[in-house]
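Nothing in this text is a laboratory measurement; each read-out follows from the coordinates by a stated rule. Source: prediction; values computed, not measured. Reconstructed Cβ throughout: ideal geometry from the backbone, glycine too, with neighbour counts over all protein chains shown.
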Amino acid sequence: MLKMSPEGKRRKLQEENQEPVSAHNDPVSTHNDPVSTHHGPVSAHKELLSSFLAWCGESGIHLNPKVSIGMEGTVAQYGMLARQDIPAGEVVFTIPRSALLSQHTTRIREMLEEEQQSLDSTSGWVPLILSLMYEATDAGSPWAPYFGLWPRLVPPDLPMFWSEKERAELLEGTGVPDAVSKDLDNIEQEYKTIVLPFILRHPEKFDPQTHTLDLYMRLVAFVMAYSFQEPMEDEDDCEKEVPPPMMVPVADLLNHVARHNTHLEFAPDCLRMVTTQSVPAGHELFNTYGQMGNWQLLHMYGFSEPHPDNINDTADIQMTVLREAALQGAESEEQKEKLQERWSFLCHMEMVGEEGAFVFGCEEVLTDEELRTSLKLLCMSAEEFAEYKENDGWEEDEDNDEEEETLTYQKLACMPLSWRKLLHASAELTMKSYTTNLRSDQCILDDPAEYAKLSSRQKYSLQVRYGQKQILQRLMELTAC
């Protein structure tokens, strides 16, 4: 899905595995009260929803009569329920492309096209967010009933809106604080250098007193949590420009779980949400983003799934931690120098980087090529490394076929002893980066009364930490010598 921060290998994996689906509209949690929201009383929301549904009809959005949109019976705020039994493969709603809100459909599209080069940014989101800034603050916007579902444009409770102290206390070691820090820097930089100059050039459409950095930040969260991207059609498209994000009314109201029961299909003239399995009457229809760990869900959408519901959960070992573990095991300064030389060669091969991470899923290593190569180089003999370096990393040996296979956890236990020791030490160092330990987290999860005392932020953070530590603990057990 969409990110402000570059995620390296993980981002590549997400793009390869994701489905073209929506963002989650609110935390999936049985602890949420679907009758009360932080936006106000349900009665007011019913009026807003009624206006929105009327707008949907006028905009050509077709809802299957077997489904309903509402707040009652859903896991979190708005959601979609089955009125009747729905078989797999049935279309539950259709959205014409004319109803989508993007930089190509906004009323200021010509202005954005004329200044396309000046709006170029690292995120690629500036044109869409400018579109939202204009449309969301104009009561006469064609999308006004759509924005009405989110009074005052209150964004999801993403960690970017938490205090730095709270992020550190709850999420240290998870990867979220670093990602948020990069996001905030990027947002402020984009606003000051690209967005504000654009606003000042167009006083007939924008007002810096209204279209502030605060509004820009809230709309970044809005895009992060609710937007969609057109999927790439084939493998050759990876060299083409990534499609910009867009807002898809109705589709962004579906809640998320990893074990979803619908997916979004993109057609030339419309978008269709289709069931992937049968959905009994009274059950909720869920969408998904693709394969995302809990820390990414919390970072981008403001929620996490209770362990072990998220079958796509992951844990990272920073690549620099592997280097640190190797250096700690060196017995002399000469050995440390040789390890640094090997690390530099790994960087030359683009297998590692200062901000990269080895990603471990629930059953396999997702960055298996990088991990295998790094362990091999850091653990091989001086003679083997000299030959390897002379061939610039190319080799022909019996292990090549094996190295192309998925590195499952069962295979980790069969790795050479020196590899297992290094990976074990790296997992151990990563465990120490958290502010809490696995046992203390486990005790809270095992005590319903204690767990109930936690705020939603504390619960989501706990689930993130616990899931990661469970994966790391399993790695340590498999690589114990």
Subject >> Spatial separation of Cα centroids for segment 289-325 and segment 39-112, in angstrom >> reply: 30
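Using per-residue counts of other Cβ atoms within 10 Å, averaged over each peptide, order 427-440, 123-136, 350-363 from highest down.
Details: 427-440: 15.8, 123-136: 23.4, 350-363: 19.0.
Answer by packing, highest mean first, reads 123-136, 350-363, 427-440.
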Subject >> Which of THR367, CYS347, ALA330, positive extreme of dipole for segment 327-378 (C-beta unit charges) >> reply: ALA330
Original post:
With the Cα gyration tensor of segment 105-260 giving a ≥ b ≥ c as the square roots of its eigenvalues, does the rule (a/c under 1.5 for rounded; else a/b larger than b/c for prolate; else oblate) give rounded, prolate or oblate?
Top reply: rounded
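Is there a quick way to get the dipole size of segment 283-380? I mean about its Cα centre, with the Cβ of Lys and Arg at +1 and of Asp and Glu at -1; what is the value in debye to the nearest 20? Don't skip to the end; give the middle numbers.
Values: 6 positive and 19 negative charges, 43 e Å.
Taking the Cα centre of segment 283-380 as origin, the dipole is about 200 debye.
Full-extension gain between LYS338 and ARG259, please, as 0.36 nm times their residue separation minus the C-alpha to C-alpha distance. Before the final figure, lay out each step's value.
Numbers: separation 79, 0.36 × 79 = 28.44 nm, distance 4.68 nm.
Between LYS338 and ARG259, full extension yields 23.8 nm more.
Give me the number: length gained by fully extending SER418 to ALA54, i.e. 0.36 nm times residue separation minus the C-alpha to C-alpha distance, one decimal in nm. Walk me through the intermediate numbers first.
Values: separation 364, 0.36 × 364 = 131.04 nm, distance 6.55 nm.
Stretched out fully, the SER418 to ALA54 stretch lengthens by 124.5 nm.
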Subject >> Inter-label distance for GLU450 and THR406, nm, one decimal - labels placed 7 Å from Cα along Cα-to-Cβ >> reply: 3.6
**OP:** Measure nothing fancy, just the Cα-based angle from helix 333-348's long axis to the longest principal axis of the chain, in degrees from 0 to 90, nearest 10.
**Re:** 40
Original post:
Looking only at segment 408-450, which residues have a backbone nitrogen under 19 Å from a spot 7 Å from the Cα of ASP178 in the C-beta direction?
Top reply: 423-436
**OP:** Round to the nearest 10 and give me the degree value, 0 to 90, for the angle of helix 213-226's Cα axis relative to the longest principal axis of the chain.
**Re:** 80
Subject >> When each of LYS165/LYS469; LYS182/LYS338; LYS336/LYS432; LYS192/LYS469; LYS432/LYS459; LYS336/LYS421 is checked by Cα-Cα distance, pairs over 28 Å >> reply: LYS182/LYS338; LYS192/LYS469
Subject >> C-alpha long axis of helix 176-190 to longest principal axis of the chain, angle in ° >> reply: 60
**OP:** May I ask you to derive the FRET efficiency for ASP309 and THR210 from their Cβ-Cβ distance with R0 = 45 Å, giving the value to the nearest 0.05?
**Re:** 0.65
Original post:
Which Cα, out of PHE228, VAL279, PRO151, lies furthest along the positive dipole direction of segment 151-301 (beta carbon charges, K/R +1, D/E -1)?
Top reply: PRO151
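Which value, in debye to the nearest 20, gives the size of the charge dipole of segment 232-323 about its Cα centre, when Lys and Arg are +1 and Asp and Glu are -1 at the Cβ?
On the way: 4 positive and 15 negative charges, 94 e Å.
The dipole magnitude comes to about 460 debye.
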Subject >> Farthest toward positive dipole pole in the chain [+1 Lys/Arg, -1 Asp/Glu at C-beta], among TRP419, HIS45, PHE161 >> reply: HIS45
**OP:** Would you work out the charge dipole size for the chain about its Cα centre, treating the Cβ of every Lys and Arg as +1 and the Cβ of every Asp and Glu as -1, and quote it to the nearest 20 debye?
**Re:** 2440
**OP:** Tell me the label-point distance for the pair GLN442, ALA267, using the 7 Å Cα-to-Cβ offset, in nm and rounded to one decimal.
**Re:** 5.2
